[in-house]
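Report on the structure given below.
The values are calculated or read from the model by the stated rules, or taken from the named source; none is laboratory data. Owing to the predicted nature of the structure, the values given are computational and were not obtained by experimental measurement. Please note: Cβ atoms are built from the backbone with ideal geometry, for glycine as well, and neighbour counts cover all protein chains shown.
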Amino acid sequence: MKSALPPSVVAVGRVLPPHFVPQEQLIAALRELWATRHFNLERLEELHRNVRVGGRHLALPLDVYPSLVTFQQRNDAWLESAQALGEQVTRTALDAAGLGPGDVEHLFFATVTGIATPSIDARLVNRMGMRTDVRRTPIFGLGCVAGAAGLARAADALRAFPSHRALLLCVELCSLTLQREDLSIPNIIASGLFGDGAAAVVLEGAEVAHTVRGPRVVASRSVFYPDTERIMGWDVVDTGFKVVLDARVPQLVREHLPGNVDAFLAEHRLTRRDIRHWVAHTGGPRVLEAFQEALALPEGALARSWDSLRHVGNLSSASVLFVLGELLEAGEAREGDFGLVLAMGPGFCAELVLLRW
């Protein structure tokens with residue numbers, strides 16, 4: 001018989017690569033290249049600083065990046081680093097949950113910064129000795145929205161299998177996608193905004209007896225905005241992934257998100273005033289400002305998202321999970337509190353996940 005209780009979040013692991021570089025050092029590293037190709041160097045540096053990121057963790061030492069010229073070189077570096085970082089964060093999350101690799105029946109893996117077949121999740125099954133009947137779901141192409149979407153899909157699986165556990169793994173190594181020769185405004189902004197990191201979430205079905213429990217995943221909502229494919233994504237070129245990033249993203253947030261959120265909450269007899277914890281993807285300053293203004297959020301509602309943006313940048317799919325992990329670690333949520341996870345990404349689309357403690 002299907003359980004009436006929703007699945008719950010047990011633990012969230014977050015791991016950053018060891019190579020931290022302050023933003024001004026990154027600008028200095030790019031300045032020489034920019035100076036040979038653009039007459040207005042000050043404008044490029046201004047765009048880079050305007051993303052309000054203080055520094056980022058990189059998959060590789062900064063001096064290695066100039067040697068990565070081809071798509072294959074970059075993807076090979078991604079493949080090696082993604083496996084190591086993926087294993088580290090998976091073990092971190094499982095340890096926090098008091099579980100081992102063999103306790104996971106469903107494995108969801110999300111990335112948008114590299115490609116591999118078999119995918120990273122398959123390689124981790126071998127590296128970590130996970131069960132051979134684990135149900136794997138690799139996700140590619142959802143970009144920044146994939147952390148929230150993966151959380152929703154993992155919860156969906158556990159509604160069908162309430163005696164199972166699931167793990168969502170997001171690994172994003174955005175630095176390995178940088179197109180150094182592209183001096184377009186979207187690429188300059190992306191080169192200042194996106195960082196590297198990995199997050200993993202352990203969830204369990206309602207019938208699993210376990211002492212560590214976080215919020216329950218009450219419901220989720222996917223929203224697709226028609227004819228917006230060129231708002232965000234990649235163009236695949238000879239040197240790899242070239243960013244597509246349209247300036248209309250904040251406008252779409254303001255036009256659509258309030259109605260999307262209100263309709264979703266109304267189905268559960270809630271309003272925005274009932275949401276105590278807002279877990280927003282760190283899309284950049286203009287996106288966070290649009291979230292704040294469009295939803296008329298109270299002062300400080302997105303403080304964790306702003307802090308995460310400032311300290312590590314936008315980690316694509318892992319970003320919203322970093323914010324969720326920081327919320328859980330703070331221990332501020334109380335029984336009965338509602339939270340809303342929200343993220344937007346390529347499609348163009350939004351994902352909303354309702355939590356209750």
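Close Cβ contacts (under 6 Å, 6 or more residues apart or on different chains) running from residues in the stretch 93-108 that are over 24 Å from Ala148 (Cβ atoms) to residues that are in a helix (DSSP H, G or I) comprise Pro101/Met128. Going by what's in this entry, would Leu176 be described as touching a Phe, Trp or Tyr at 6+ places or on another chain (Cβ under 7 Å) and either within 17 Å of Phe241 (Cβ to Cβ) or at pLDDT 95 or above (or both)? Taking the combined requirement at face value, the residue satisfies it.
One line per residue, one yes/no per condition, for (1) at pLDDT 90 or above; (2) more than 30 Å from Leu354 (Cα to Cα):
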site: Leu16; (1), (2): yes, no
site: Gln23; (1), (2): no, yes
site: Gly54; (1), (2): no, yes
site: Ser67; (1), (2): yes, yes
site: Arg74; (1), (2): yes, yes
site: Ala82; (1), (2): yes, no
site: Leu85; (1), (2): yes, no
site: Val89; (1), (2): yes, no
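The residue that is farthest from Leu355 (Cα to Cα), counting only those in the stretch 179-221 that are of a type in the set (Ser, Thr, Tyr) and exposed (fewer than 15 other Cβ atoms within 10 Å of the Cβ), is Ser184. Scanning the stretch 90-108 for residues that are out of contact with any Lys or Arg (no Cβ under 7 Å at 6 or more places or on another chain) and either part of a helix (DSSP H, G or I) or surrounded by 24 or more Cβ atoms within 10 Å (Cβ to Cβ) (or both) yields Thr90, Arg91, Thr92, Ala93, Leu94, Asp95, Ala96, Ala97, Pro101. Scanning the stretch 237-257 for any residue that is surrounded by 23 or more Cβ atoms within 10 Å (Cβ to Cβ), at pLDDT below 95 and over 28 Å from Val15 (Cβ atoms) turns up at least one such residue. The set of residues in the stretch 324-349 being part of a strand (DSSP E or B) and more than 13 Å from the chain's Cα centre (by Cα) consists of Phe338, Gly339, Leu340, Cys349. Any residue in the stretch 112-126 that is assigned to a helix (DSSP H, G or I), modelled with pLDDT under 95 and over 28 Å from Gly214 (Cα atoms)? Yes, the stretch 112-126 contains at least one residue that is assigned to a helix (DSSP H, G or I), modelled with pLDDT under 95 and over 28 Å from Gly214 (Cα atoms).
Where helices (runs of 4 or more DSSP H) fall wholly inside the stretch 199-313, no range has 3 or more residues that are in contact (Cβ under 8 Å) with a residue 12 or more places away in the chain, closer than 22 Å to Gly147 by Cα and basic (Lys, Arg). Could you list, in sequence order, all residues of the stretch 136-159 that are assigned to a helix (DSSP H, G or I) and among the small types (Gly, Ala, Ser)? Once the filter is applied, which keeps residues that are assigned to a helix (DSSP H, G or I) and among the small types (Gly, Ala, Ser), the stretch 136-159 yields Gly143, Ala146, Gly147, Ala148, Ala149, Gly150, Ala152, Ala154, Ala155, Ala157. Taking each residue of the stretch 144-165 that is under 16 Å from Leu5 (Cβ atoms) and not assigned by TED's automatic domain parsing to the domain that holds Leu245 and looking for partners that are basic (Lys, Arg) and surrounded by fewer than 20 Cβ atoms within 10 Å (Cβ to Cβ) with beta-carbon atoms closer than 7 Å, six or more apart or interchain, yields Pro162/Lys2.
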